[in-house]
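Encoded as C-alpha cells, the structure appears first; notes follow it.
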Amino acid sequence: MARQMKDSGVEWIGGIPEGWSCSRVGRHYNIILGKMLCSTPCNDSYTYEPYYCAADVHFEGISKARKKMWFSEEEKNTLLVTTGDLLVTEGGTGGCAIVQDATTHTYIQNSLMIVRGRENASEPYLCYWLESLIKQSYLDYICNKVTIIHFTKEKLSGVPLPLPPEAEQQNIISYLDGKISLISKALEQTRATIEEYKKLKQAIITEAVTKGVRGARPMKPSGVEWIGDIPEEWNRSRVGLHYHVVLGKMLCNTQQNDTYTLEPYYCAADIHFGSVDTAKKKMWFSPEEKDTYRVMPGDLLVVEGGAGAGGCAIVKNGEATTYIQNSIMIVRGKSTCSVAYLGYWIESLVKRAYIDVVCNKATIPHFTKDKLSSVPIPLPSAEEQQEIATYIDAKCAEIDRIIEKKEQLIEELGSYRKSLIYEYVTGKKEVTA
C-alpha cells in the first residue's frame, strides 16, 4: 500500500511521508569550521600537524591528508577529526564524506567543516542528504558562483532537512550503504577496465610505430635507447628533415590596419589526441598571416606549450577557415611522409613521458618548433607509414568504442546513485523488509 504523504513546505523537496518532519540542519547538528592556513607558529606551544582540505573529501571517501600547518593546543582540541565525523567542503565544487578511520591525529583547514549530530541525528543520513542536494545543483542555487562557491557554515545550518524518525533513518542508511557499496564496486571495476584499455591502446601504438605491423622480420639497433630495435629496412632520422613545422601567431587583440580581419583560431585547449574541438576564440590576422597560419584538412596540429604540450591531432575537415595561435604548430609532410604516422609517433612519446625529458617543466613546458624538429623518428617507407597509420586507426577505433560504452556505463551508474539516494532520503520510496 502506498504510504501517506504530506507537503514538506519546501517546493524542491515536495511531499514527504506522514510521520516525517521538515527541519533545518543547524537545529540537529553541530558544525565546526576549520582553521585558516597558518605557515608560522605563534609560540612554542604550536605543533606542526596534518590537516584535511577540500581536495581530500569526495563522495566516495576521504583521501589521506597530504599537507601540514601549525596548530595551537586549543585548536587541536577543537578541530581534531574523529571516526564517524561528517566532513563537508566549504569551498569549491562541494563534497562530503564520513570519516571511517581516524587512527592518526588529523585536523581541518577552513575549506572544510566537521558536522556532528546531536541526539537522534545521524551523520550518515545527513551525508546522503547533502550528496543528493549537491548533485542536484542545490549549491549553485544558494551560493554565489561569480568566483568560488562558498557553502558557508551559515548556509549549511540553514539547509532544509527532511527528517524521518530515528529508526527509519537507520533503515535508510543501511539500505543505501548496501546499494552504494555495489555501485561503487561496479564503478571501480569499470574505471580500472578503462585504464587497462587505454594502456592496451598505447601499447598497440608504440609497438606499431617502432616495429611495424608486418610480423616478425630482421631487426637492427636504432641507436636510441628509448626507441630500441627497429626493422632492418627502416631508417632513423629526425622530424625536421621530413616535415614542415609552422608555429602559430602571437595573440593580437587590436586591429593594426584596415587589412586585418577578426578570425577564429585554435589554441592548446582545442587539441586532444584523436580530435580537434571547434575553435571558440578569435583574434586579428593580416592577409599575409592568414596565408601562413591557415589550417587545412589533413594538417597535424601539435600543442607547443602548457600542460598538454605534445598533444596532437589531425584536422579532419575544413568546414570553417581557422588559423593557429602560438601555442599550436601546424605540421605538414614533405614529399610523401605521413602526418598520421607522425601523429601516432608523437602520441607514443608523450604517453612515455618523452616531453617531460625534453621540455623544462619547472614552469610551463614548451615543446618548441626546434624541439619538435629535433625529435628522433624511426622512419619506414612512405607506403609502410600509411599501412601503420591505417592499422592503428582501426585498432584504436575498436578500443575507443569499448571505452565509450564503459564511460556511458559510468554515467548511468552515477545517475542511478543520484536518483536512488534522493528517492529514499525524501521518502519517495520506502525501505521494506
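Odds and ends about this structure:
- Of all residues in segment 31-50 being surrounded by 13 or more Cβ atoms within 10 Å (Cβ to Cβ) and either free of Cβ contacts under 8 Å to residues at least 12 places away in the same chain or part of a strand (DSSP E or B) (or both), the one that is farthest from the chain's Cα centre (by Cα): Thr47
- Where Ser335 falls short, out of the listed (1) of a type in the set (S, T, N, Q); (2) at positive phi; (3) within 26 Å of the chain's Cα centre (by Cα): (3)
- Taken over segment 209-263, residues that are in a loop (DSSP other than H, G, I, E, B), more than 28 Å from Gly305 (Cβ to Cβ) and of a type outside the set (A, V, I, L, M, F, W, C) amount to 13.
- Odd one out for Gly298, checked against (1) over 23 Å from the mean Cα position of the chain (by Cα); (2) more than 22 Å from Asp400 (Cβ to Cβ); (3) surrounded by fewer than 17 Cβ atoms within 10 Å (Cβ to Cβ): (2)
- Among the numbered conditions (1) exposed (fewer than 12 other Cβ atoms within 10 Å of the Cβ); (2) out of contact with any Ser or Thr (no Cβ under 8 Å at 6 or more places or on another chain); (3) in the same structural domain as Lys371 (by TED's automatic domain parsing), the only one that Pro221 does not meet is (3).
- Qualifying position, being assigned to a helix (DSSP H, G or I), under 20 Å from the mean Cα position of the chain (by Cα) and either crowded, with 18+ Cβ neighbours inside 10 Å or of a type outside the set (Lys, Arg) (or both), among Leu420, Leu409: Leu409
- Residue list for segment 266-295, restricted to those being modelled with pLDDT of 90 or more, in a loop (DSSP other than H, G, I, E, B) and closer than 21 Å to Trp345 by Cβ: Phe273, Val295
- Selection of segment 235-262 for residues being buried (at least 19 other Cβ atoms within 10 Å of the Cβ) and either over 25 Å from Asp370 (Cβ atoms) or of a type in the set (Phe, Trp, Tyr) (or both) yields only Tyr243.
- The set of residues in segment 153-182 being of a type in the set (Gly, Ala, Ser) and out of contact with any helix residue (DSSP H, G or I) (no Cβ under 8 Å at 6 or more places or on another chain) consists of Ala167, Ser174, Gly178, Ser181.
- Every pair of residues 6+ apart whose Cβ atoms lie under 8 Å, when the first sits in segment 410-422 and is on the phi > 0 side of the Ramachandran plot while the second is assigned to a helix (DSSP H, G or I) and surrounded by 15 or more Cβ atoms within 10 Å (Cβ to Cβ): none
- The residues listed here are Ile324, Ile346; of these, the one that is in contact (Cβ under 8 Å) with a residue 12 or more places away in the chain and part of a helix (DSSP H, G or I) is Ile346.
- For segment 52-127, the strands (runs of 3 or more DSSP E) that sit wholly inside it and include 1 or more residues that are among the β-branched types (Val, Ile, Thr) and surrounded by 22 or more Cβ atoms within 10 Å (Cβ to Cβ) are 86-89, 112-117.
The values are calculated or read from the model by the stated rules, or taken from the named source; none is laboratory data. Source: prediction; values computed, not measured. Positions of Cβ are generated from backbone atoms using ideal geometry, with glycine treated the same way; all protein chains shown enter the neighbour counts.
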